[in-house]
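Working notes, structure below.
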Amino acid sequence: MSKTLQQFDVVVIGAGPGGYIAAIRAAQLGFSVACIDDWVNAKGGPAPGGTCTNVGCIPSKALLQSSEHFEHAGHSFAEHGIDVSGLKLNLAQMLKRKDGVVKQNNDGILYLLKKNKVAFFHGRAAFTGAASAGIYQIDVSAPASVSLGAKNVIIATGSSARELAGAAFDEKLILSNTGALALDAVPAKLGVIGAGVIGLEMGSVWRRLGAEVTVLEGLPVLLGAIDEQIAKEAGKLFAKQGLTIKLGCKIGKITPAKKTVTVEYVDAKGEAQKAVFDKLIISIGRTPNTNGLGAASAGLALDERGFIIVDDDCKTNLPGVWAVGDVVRGPMLAHKAEEEGVAVAERIAGQHGHTNFNTIPWVIYTSPEIAWVGQNEQQLKAAGIAYKAGTFPFLANGRARALGDTSGMVKFLADATTDEILGVHIIGPMASELIAEAVVAMEFRASAEDIARICHAHPSLSESTKEAALAVDKRSLNF
């Protein structure tokens, strides 16, 4: 070996939500741990946190919050008796704040790794080959140059935005989530291909700031993976806000010019259409980051799409090698990666790490927010499961009225015989926070009656959760 091998019990490749959390938990369990990450900040330094912290969850929520403040100042404050004159957007300051929030998170992760005595290496990691005497060698390069050895390796390399054929990202006209978070001016006309989480969130940000936004979606329905009633409500509210969403579109040629980009597509009626945008965001899914990992040299098995093949415990085909997060099967969610990271660290220690995929919550941070956990009505009908449904609108909630945001509802689905909660679906204010109660309830296999009998503070948005649970038995008290 050309480099001196630094030995660790566990080497974690990637410092996104799955990686840094796995490293910290492994260190808590008494292992010597190294964590490798190649994200670079604007000054060339380390920027741990992965896509989530750098160009995903954290910066998008920062911009969503800032843009919502801007919209409220321009359209809602007057109702509260707050008159605003001369409202002006300072986009540079908004982006500066977003970047500051990202840096705080980067620095926080570096602090946590140091606090837990995890050795951090800034650079690109790759297997050099198969294990030798049970030890895997991981070479780190650019900017670091070091070789690490370990019996246990956790791969948490995350994912990248998927490009559309013939429309490579230049982050100037054709944007991934990275470019969508860094526009230096509000485009007059913004196109978005894909009405998923990223497309709707980024479309919402720039619509609030003044862009005319058109979302082109290939599926015939909006948000086909979520409860149909909730999705229909979302479609009505987005349309009312001025977000144009066109469903059933088949995207054709995309032609960038000097300052515009033209999208040719066939609409739901089968008619050829053409749209010209100042900027185009493409959000059609993500691909796993396995290129350059040295998977072939190590004998690590990948599937046809490049995902690392793992079993239910996140074990790969190689002894001592594990993988978590976006780079393996399952939902591409930061909190899913975190749970898998903790579980793997505990399994390495001989414990029984646990991840329940049935109680992983999902959130779309639009306004109103959309959150859900468990099964939806379509899934229950397809499975032939008899169920009862209960809904409660935020329109009938006192706290929502005081907030001035009464859009949406809470929906409970419970087993028709046992009353066990099978799914909870929320569209409305603070749905991302309200869903946690449902996750806890389902993890303990609670019934709708259990939630209906629990005292909820008044006035609070959480009362809508209680009322929806009561509605399962058709005895809602406030609607």
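The values are calculated or read from the model by the stated rules, or taken from the named source; none is laboratory data. On a predicted model such as this, the values are computed, not experimentally measured, just so you know. Note: ideal-geometry Cβ built from the backbone for every residue, glycine included; neighbour counts use all protein chains shown. Just so you know, the surface numbers come from the protein's heavy atoms only, side chains and all, with ligands and any DNA or RNA stripped out. Shrake-Rupley method; radii C 1.70, N 1.55, O 1.52, S 1.80 Å.
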ask   = When you scan the stretch 216-241, how many residues do you find that are in contact (Cβ under 8 Å) with a residue 12 or more places away in the chain and closer than 22 Å to Phe277 by Cβ?
value = 8
key: Leu173, sole failed condition from (1) more than 28 Å from the chain's Cα centre (by Cα); (2) more than 21 Å from Pro288 (Cβ to Cβ)   = (1)
ask   = Looking only at the stretch 250-265, which residues are outside any strand (DSSP E or B) and either within 28 Å of the chain's Cα centre (by Cα) or exposed (fewer than 15 other Cβ atoms within 10 Å of the Cβ) (or both)?
value = Ala257, Lys258, Lys259
remark   = Scanning the stretch 153-182 residue by residue, the ones that are in contact with a Gly (Cβ under 9 Å, 6 or more places away or on another chain), part of a loop (DSSP other than H, G, I, E, B) and more than 20 Å from Gly252 (Cβ to Cβ) total 6
inquiry  = Quick check on this structure: which one of Lys117, Lys98, Lys151 is under 30 Å from Lys61 (Cβ atoms) and not small (Gly, Ala, Ser)?
reply    = Lys98
inquiry  = Show me the helices (runs of 4 or more DSSP H) entirely contained within the stretch 367-479 in which 2 or more residues are surrounded by 20 or more Cβ atoms within 10 Å (Cβ to Cβ) and either in contact (Cβ under 8 Å) with a residue 12 or more places away in the chain or touching a Lys or Arg at 6+ places or on another chain (Cβ under 6 Å) (or both).
reply    = 431-443, 448-453, 463-472
ask   = How do the pairs read when you match residues in the stretch 344-360 that are closer than 19 Å to Phe31 by Cβ and in contact (Cβ under 8 Å) with a residue 12 or more places away in the chain with residues anywhere that are assigned to a helix (DSSP H, G or I) and open to solvent by 40 Å² or more (accessible area, probe 1.4 Å), using Cβ under 6 Å and keeping only pairs 6 or more apart or on different chains?
value = Ala345/Arg25; Gly353/Arg347
note = The condition of being loosely packed, with under 14 Cβ neighbours inside 10 Å, touching a residue at least 60 places away in the same chain (Cβ under 8 Å) and either farther than 24 Å from Ala23 by Cα or touching a Phe, Trp or Tyr at 6+ places or on another chain (Cβ under 9 Å) (or both) holds, among Ser283, Ser297, only for Ser297
request  = Answer with yes or no whether Gly74 is open to solvent by 40 Å² or more (accessible area, probe 1.4 Å) and in contact (Cβ under 8 Å) with a residue 12 or more places away in the chain.
outcome  = yes
note = For the stretch 205-247 the number of residues that are within 21 Å of Val263 (Cβ to Cβ) and among the charged types (D, E, K, R) is 4
remark   = Going through the stretch 219-236 in order, the residues found to be open to solvent by 50 Å² or more (accessible area, probe 1.4 Å) and assigned to a loop (DSSP other than H, G, I, E, B) are Leu219, Pro220, Val221, Ala225
key: Count - residues of the stretch 125-170 that are under 29 Å from the mean Cα position of the chain (by Cα) and either free of Cβ contacts under 8 Å to residues at least 12 places away in the same chain or more than 30 Å from Lys43 (Cβ to Cβ) (or both)   = 6
Unique residue being of a type outside the set (S, T, N, Q), open to solvent by 20 Å² or more (accessible area, probe 1.4 Å), closer than 30 Å to Arg25 by Cα and modelled with pLDDT of 95 or more when the list is Ile155, Ile198 = Ile198
inquiry  = Criterion first (of a type in the set (Gly, Ala, Ser), assigned to a loop (DSSP other than H, G, I, E, B), surrounded by fewer than 19 Cβ atoms within 10 Å (Cβ to Cβ) and free of Cβ contacts under 8 Å to residues at least 12 places away in the same chain) does Gly330 satisfy it?
reply    = no
